[in-house]
Amino acid sequence: MAYSTILYEVDDRVARITINRPNRMNALNLKFEAEVSDALAAADRDPEVRVVVVTGAGDRAFSSGFDLQDEVATGEVRQGIDDWRRRLNYDKNFFYSLWNFSKPTIAMINGYCLAGAVDLAQMCDIRYCSEDATFCLTESRFAAGFLTLPSMSWIIGQRCRELIYTGDVFDAQEAYRLGFVSRVFAKDRLEKEVTRIAKRMSRVALPALMWNKKALNNTLAAAGFDPALRYSEEACLLIDTSKSEFDYFRELARSDVKAALKWRDAIFEPFESEWSSFASRKASANAKKGAN
């Protein structure tokens, strides 16, 4: 399969999947999901691959999340609950493919990691980020569901509630303090240090890597992770198909994403803290760049 949204390469037991849409802030779309699924299948079959690293092209963003212009570009219209269910099920199965992948996965987060990119990162086994990384569950601020919500509660516990309920931006040091990322590296050291860890990890016997991952995943499965994820999908369906004042945001975003983000930001601006206001403006500015 020829790839247009990702780069896939294997070097010394480590496969790298790079989101390759830097002119769109590495925004995700349906084609990206299909290509990553294919690359993961190739890595799964390849006995030389022991670890997979997922990252974004360039130094501005890991990913700005799902492409708000993609529906317009592809002509996809979700008018009824069945349309929404089909799309959510497709997205859930994609994220689940990372979770169920038989070998360890690492998210190497450089720059912005917003909305659906947070879903992507937290379904990987381990997350490392650069010191300038910025995270945000922006779905909360335009009345969209958070498909892999149970993952965050398992990773950082009940501290996730504030982030999910507010849609606040948080930086690399806060992500580390919360336990969302395992380590923070200087921007110019991120790739070298993560590669070193991945290569060290890849020296472990493949059966040990695969069965230890399966045992860890089954621990969460026994605690109810799978039904929790299914319930999260239903919650997303209800959120995405419910009427609210943010219906205007969705309609406006179809024709003018920048105007939609400006309208949304104005709602929250009076109540932002000094940090959240600054960080939210930066995140919105970069989301707008991805909408160009």
Self-check item: Of SER273, SER232, SER63, the one that fluctuates the most in a GNM where the chain has Cα springs shorter than 10 Å
Solution: SER273
Exercise. Using a 10 angstrom cutoff on alpha carbons, build the Gaussian network for the chain and name the most mobile of ASP12, ASP168, ASP44.
Key: ASP12
Quiz item: What are the ³J(HN,Hα) values, in whole Hz, obtained from phi via the Karplus relation 6.51 cos²θ - 1.76 cosθ + 1.60 with θ = phi - 60°, for each residue of region 53-64 in sequence order, with x given for Gly and Pro?
Solution: 10, 10, 8, x, 6, x, 10, 8, 8, 5, 5, 8
Self-check item: Neighbour net charge for SER182 - beta-carbon separation under 13 angstrom, K R +1, D E -1
Solution: +1
Quiz item: In percent, how large is the relative contact order of region 33-124, given Cα pairs closer than 8 Å and 6 or more residues apart?
Solution: 47 percent
Quiz item: Considering every pair of different Cα atoms, what Kirkwood radius, in Å, is found for the chain?
Solution: 19.3 Å
Quiz item: In the chain, how many lysine pairs have Cα atoms under 15 Å apart, counting only pairs 8 or more places apart or on different chains?
Solution: 10
Self-check item: When region 1-103 is reduced to its Cα atoms, the Kirkwood hydrodynamic radius in Å
Solution: 14.6 Å
Quiz prompt | FRET efficiency, SER242 to ARG189 (Cβ-Cβ, R0 45 Å, nearest 0.05) | solution = 0.50
Quiz item: Residues in region 225-240 near a label at ILE81, defined as backbone nitrogen under 15 Å from the 7 Å Cα→Cβ point?
Solution: 233-240
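So, R0 is 30 Å and r is the distance between the beta-carbons of MET1 and ASN218; what FRET efficiency does that work out to, to 0.05?
That pair, MET1 with ASN218, gives E of 0.45.
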Practice problem: Hey, can you grab everything whose amide H is under 5 Å from the amide H of VAL54? Only 5+ residues off in sequence or another chain; H modelled, so Pro and N-termini drop out. | Solution: ILE17, ILE106, ALA107, MET108
Quiz item: In the full protein assembly as shown, how much of SER202 is accessible to a 1.4 Å probe, in Å² to the nearest 10?
Solution: 0 Å²
Quiz item: Which helices, taking whole DSSP H runs in the chain, have alpha carbons extending 20 angstrom or more along the helix axis plus mean Kyte-Doolittle at least 0.0?
Solution: 30-45, 206-222, 225-241
Quiz prompt | By accessible area with a 1.4 Å probe, ligands and nucleic acids excluded, highest first: order of LYS31, LYS213 | solution = LYS31, LYS213
Self-check item: Considering only the chain, percent of DSSP beta bridges that pair antiparallel, nearest 5
Solution: 30 percent
Quiz item: In a GNM of the chain with a 10 Å cut-off on Cα contacts, which of ARG230, ARG183, ARG196 has the highest mean-square fluctuation?
Solution: ARG196
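The values are calculated or read from the model by the stated rules, or taken from the named source; none is laboratory data. Keep in mind that this is a model prediction, so the values were computed, not measured. Virtual Cβ from ideal backbone geometry, glycine too; neighbours counted across all protein chains shown. In case anyone asks, the SASA skips ligands and DNA or RNA and just uses the protein heavy atoms, side chains included. Shrake-Rupley method; radii C 1.70, N 1.55, O 1.52, S 1.80 Å.
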